[in-house]
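J.: Handing you a structure now.
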Amino acid sequence: MSRSLRLADREIATELPAFVMGIVNATPDSFWASSRTQSTAAGAESAFALVEAGADIIDIGGESTRPGSDYVSEAEELSRVIPLVREIRRISSVPISIDTRKSAVMRAALDEGADICNDISALADDPALADVAASAGIPVILMHKAGIPAHMQDAPAYQDVVAEVRAFLCERAAFAVSKGIAQDRIILDPGIGFGKRQSDNIALIREVSILASTGFPVLMALSRKSCIGYMTGREVADRLAGTLTANLVSVLGGASILRVHDVAETRDMLAVLKETLPDGIS
């Protein structure tokens, strides 16, 4: 099993069952303190360490969107993200994903060499973001969330979370195509922890094959999240084993990108999976 992904100017590939996307949080308040970087130099050092560990893609975020987080201004997000993209690109050609819902941030990041738009609003919060992505010809990650981060965990409710998330993401993918984004540059993310009960998160992990059946690549962002703590009873710092297991289940269900803090360990899991994968599973 191998995977490939078309960027605007090249194609990337991995011989492993999924791409590994390493997380760099250019924020003071992301949910796992160890993932936060407080300066451009620290962020670049973190990114280069992830690349050295084998990350296929680096995902940079300048606005924490954890449950209960507040909106960050455009100016503040630009000041956190753009110098970091510039410094990484000065040294490395690693594909860079920008975790933003603001068109101005994405446009500025593209000018510095970014490659992917990772939008938790699925192109809904900023109408201009779809046009920016379409014009640049870049891949776009469309994520499902219920409400805004500050209040999304207040009272989430679904009749059939998997069906509802699938329908929402298909609708947003159709919107992206209508705006000129190529179908083969659309990636779906069910938004684990974004306006979901723990039972909803578990159902989405268990039934990721239903999302993969859309034909779009599926990204799973499970790393050390509260659902892992719910299932294991462990605090954030001790959720690596649980994260690896949930990611293994996700890949067996058809996920093709894993967004993680722990790149080397994730690659080890995928390498073992590649060598032991039963015939007929891909």
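Throughout, read-outs are computed from the coordinates displayed, never taken from laboratory work. Bear in mind that the values here come from a model prediction, so they are computed numbers and not experimental data. Quick reminder, even Gly has a Cβ in these numbers, built from the backbone with ideal geometry, and neighbours come from all protein chains shown.
J.: Beta carbons within 10 angstrom, averaged per residue: use that to sort the peptides 249-255, 187-193, 50-56, 236-242, highest first.
T.: Details: 249-255: 21.7, 187-193: 25.6, 50-56: 19.1, 236-242: 16.4.
Put in order of decreasing packing, that is 187-193, 249-255, 50-56, 236-242.
J.: How big is the convex hull of the Cα atoms of segment 80-224, per residue, in Å³?
T.: 118 Å³
J.: How high is the FRET efficiency between residue 241 and residue 198 when r is their beta carbon distance and R₀ equals 22 Å, given to the nearest 0.05?
T.: Efficiency for this residue pair is about 0.75.
J.: In whole angstrom, how far apart do the alpha carbon centroids of segment 89-145 and segment 197-249 sit?
T.: Rounded to whole Å, the Cα centres lie 24 Å apart.
J.: Share of antiparallel DSSP beta bridges in the chain, in percent to the nearest 5?
T.: 15 percent
J.: Go ahead and set up a Gaussian network model of the chain, Cα springs under 10 Å, then flag whichever of 114, 130, 75 fluctuates most.
T.: Among 114, 130, 75, the largest GNM mean-square fluctuation belongs to 75.
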